[in-house]
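What follows is a short report on a single structure.
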Amino acid sequence: MDALVDVLLDIFTQPSVIVALIALVGLAVQGKSFSDVLKGTIRTLVGFLVLAAGAGVVVDALDPFGVMFQHAFNVQGTVPNNEAIIAQVLLDYGSAAALIFFFGMIVNIVLAATTRFKYVYLSGHVAFYIAGMFAVILGVAGFEPWAVVLWGSLAQGIYMVVSPALVQPFMRRVTGSDDVALGHTGGLGIALGGLVALLTRGKGGSKSTEDLNFPKGLSFLRDTTVIVALSMAVIYIIVGFFAGASFIENELSGGQNFTVYLFLRAATFSAGVFIILAGVRVVLAEIVPAFKGVSEKLVKNAKPALDVPIVFTFAPNAVLVGFLASFVGGIVGMLGMVALGTTIVVPGVVAHFMTGAAAGVIGNAAGGRRGAVIGAFVNGLAITFLPLFLLPVLGEIGFSNATFSDSDYGVFGLLLGGLSLAGGQVAIIVGIVVAIVALYVISFAMRKRAVATVPTAQS
């Protein structure tokens, strides 16, 4: 049994494998030739690996920035980092997390097939992380191991259709279609940013971040790769100045001149963004047509919920604007915690890039440049304060020096943990059952409304 779980975990925590399998099945059920099925499957797999490689390059470029930031401004506290916290979670809750993840995917497909929430969550890595969080909260609540898996799987399945559904109205604005959804644990913060962008856009609206007019002498700034590299170089050098040349050369660069090192880190960051955009283009070209085959056979009108880089190609300038605005929101939130005397949540640079960039793209679609800035800033505040509020419901895990970083962990973790604090195991069970019933009630109402609005044929 353990060997089987390990194999399933190896397969289904790899988003590239999941999406490649979806492409394989989708193309096959459409009756495509062996050549087309093979080509589409491999291109999807490689496209996702390219995307993941780009994300890895970005993370590697951002890691020293976080170290410099903490040293420069003498900030210590809890760091929101999913990889760090999940490593601690797996020590005590690894088996439960794996089983919740696997059975949660099955619940996701069942709910997508039987309700109007037609989202199939394909971001396997973050889905596994949130399964780990559910395992911790249910374990702290005192559930038996089998009950942790049962109720955790149901909570996971609910999450996997609800989170994309809340972001989808804004995704339609970004993509101009209803074919692709966003599947990421930052979904609620991104949706909140989109809502704020709508509310603050003003009567005349705001120009898009993609319509920035540069003087002819600055036409090179129209190139996304160039502007990202230059902007990040300025940011790295400012923070590096406060951190000090000796610290950088002794602790980070291995003796390389600190100015050269910082410029190369900025260029590496830009290279990572370039790679991500290339991977996204390949994946979108392959997975959407293939997914239609899956939806026709398994889940009618299903939408693939994909990771945040899927939106980056729609507004590359907004990616940088969103990252910077979200990070500023994180700094403001951190200063607020210093003033209040609470545990300090240090801005997680990777989280602010991934979710802040997506909030910038969605905010731009909803409210132009102003929406990109304000929406991403609000996301930055959300992913700073929500991890702070989540700490008490994580038991001993909450006292570690890392925590979950994105908004969905905070919202769904607080809902589940709040039920536990309010009424123990019974409250959690009732809450999950009520949530499932609510999905079907809402679906029935949506279906009834859709039928009522269909025009009748004239005789």
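The values are calculated or read from the model by the stated rules, or taken from the named source; none is laboratory data. Since this is a predicted model, take the numbers as computed values, not measurements. Heads up, the Cβs are rebuilt from the backbone with ideal geometry, glycines too, and the neighbour counts pull from every protein chain shown. Note: accessible area is taken over every heavy atom of the protein model, side chains too, but ligands, DNA and RNA are not part of it. Shrake-Rupley method; radii C 1.70, N 1.55, O 1.52, S 1.80 Å.
Given segment 52-153, what whole percent of its Cα pairs are spread farther than 19 Å?
57 percent
Enter the accessible area of Tyr440 (Å², nearest 10), with the probe set to 1.4 Å and all protein chains included.
Taking all protein chains as shown, Tyr440 has close to 90 Å².
Can you classify segment 347-387 as rounded, prolate or oblate using the Cα gyration tensor, where a ≥ b ≥ c are the square roots of its eigenvalues, rounded means a/c under 1.5, and otherwise it's prolate if a/b beats b/c and oblate if not?
Taking the square roots of the gyration eigenvalues as a ≥ b ≥ c, segment 347-387 is prolate.
Going by a ≥ b ≥ c, the root eigenvalues of the Cα gyration tensor, does segment 348-443 fall in the rounded group (a/c under 1.5), the prolate group (a/b larger than b/c) or the oblate group?
oblate
Please list the non-local residues whose amide H lies under 5 Å from the amide H of Lys303, H modeled 1.01 Å from N, same-chain partners needing a gap of 5 or more.
Close amide H contacts, sequence-distant or interchain: Tyr119, Val120.
Using a 1.4 Å probe and counting only protein heavy atoms, arrange Glu144, Glu210 so the residue with the most accessible area comes first.
Most to least solvent-accessible, the answer reads Glu144, Glu210.
In deg cm²/dmol and to the nearest 500, what is the mean residue ellipticity at 222 nm of the chain if only DSSP H runs of at least 4 residues count, each as -39500 (n - 2.57), divided by the residue total?
-26000 deg cm²/dmol
Only Lys, Arg, Asp and Glu count, each charged at its Cβ (+1, +1, -1, -1), so figure out the dipole size of the chain about its Cα centre, rounded to 20 debye.
Roughly 2020 debye, rounded to the nearest 20.
Could you state how much accessible area Lys118 has, in square angstrom rounded to the nearest 10, with a 1.4 Å probe and all protein chains kept in place?
Solvent-accessible area, nearest 10 Å²: 40 Å².
Can you order the peptides 259-267, 358-366 by their average number of other Cβ atoms within 10 Å per residue, highest first?
Going by the mean number of other Cβ atoms within 10 Å, highest first, we get 358-366, 259-267.
Let me make sure I get this right: for segment 124-215, a, b and c are the square roots of the gyration tensor eigenvalues over alpha carbons, sorted descending. Under 1.5 in a/c it's rounded, otherwise prolate if a/b > b/c, else oblate. Which is it?
Working: a/c = 3.19, a/b = 2.91, b/c = 1.09.
Note, shape of segment 124-215 comes out prolate.
Solvent-accessible area per residue for the chain at a 1.4 Å probe radius, Å²?
43 Å²
Rank these by accessible area, largest first, 1.4 Å probe: Ser153, Ser246, Ser231.
Values: Ser153 5, Ser246 75, Ser231 35 Å².
If we order Ser153, Ser246, Ser231 from most to least accessible, we get Ser246, Ser231, Ser153.
Kindly report, to the nearest 10 Å², the accessible surface of His71 as traced by a 1.4 Å probe over protein heavy atoms only.
90 Å²
Could you work out how much longer the chain between Gln425 and Thr225 gets when fully extended? Use 0.36 nm per residue separation minus the Cα distance between them, nm to one decimal.
66.9 nm
From the residues Ala243, Thr78, Ser163, which one has its Cα farthest along the dipole of the chain in the positive direction, the dipole being from +1 and -1 charges on Cβ of Lys/Arg and Asp/Glu about the Cα centre?
Ser163
Would you count, across the chain, every pair of lysines whose alpha carbons are under 18 angstrom apart, provided the pair is eight or more residues apart or spans two chains?
11
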